[in-house]
Amino acid sequence: MLGPVASDLSRRPPDVADAVTRLRAVGAVLALPRNAAPGDAGAARRRLEGVYAEPAFAHLDRIPSPSVLSGSSTRSAASSVG
């Protein structure tokens, strides 16, 4: 993968511009999530939206209501026991 970069830099004079272009391309590919292809951000967004639409994740944006085990109800129950 880095062979062409090394070749660019081994030339006399070194082809720094081409080496930088190749390194940026490598960096862009490494920054992608597994199984993604360059330029498929739309497909990745649709896949993520599909996951969020599944029942297990459907209400992630909802603020949870207080439960009996949280907040003041827990403190008051503990103080009346102790």
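The values are calculated or read from the model by the stated rules, or taken from the named source; none is laboratory data. As the structure is a prediction and not an experimental result, all values here were calculated from the model. Using ideal geometry, Cβ is built from the backbone for each residue, glycine included, and neighbour counts are taken over all protein chains shown.
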Restricted to segment 42-61 and to residues being in a loop (DSSP other than H, G, I, E, B) and not charged (D, E, K, R), the residue nearest to the chain's Cα centre (by Cα) is LEU60
State all residues of segment 15-59 that are on the phi > 0 side of the Ramachandran plot and of a type in the set (A, V, I, L, M); if no residue qualifies, say none.
none
Do any residues in segment 38-65 that are more than 30 Å from ARG24 (Cα to Cα) have Cβ atoms under 8 Å from those of residues that are surrounded by 10 or more Cβ atoms within 10 Å (Cβ to Cβ) and at pLDDT below 75, where the two are at least six apart or on different chains, and which pairs are they?
TYR52/ALA58
Given the options PRO14, PRO4, PRO38, name the one that is surrounded by 11 or more Cβ atoms within 10 Å (Cβ to Cβ), outside any helix (DSSP H, G or I), over 14 Å from the mean Cα position of the chain (by Cα) and not hydrophobic (A, V, I, L, M, F, W, C).
PRO14
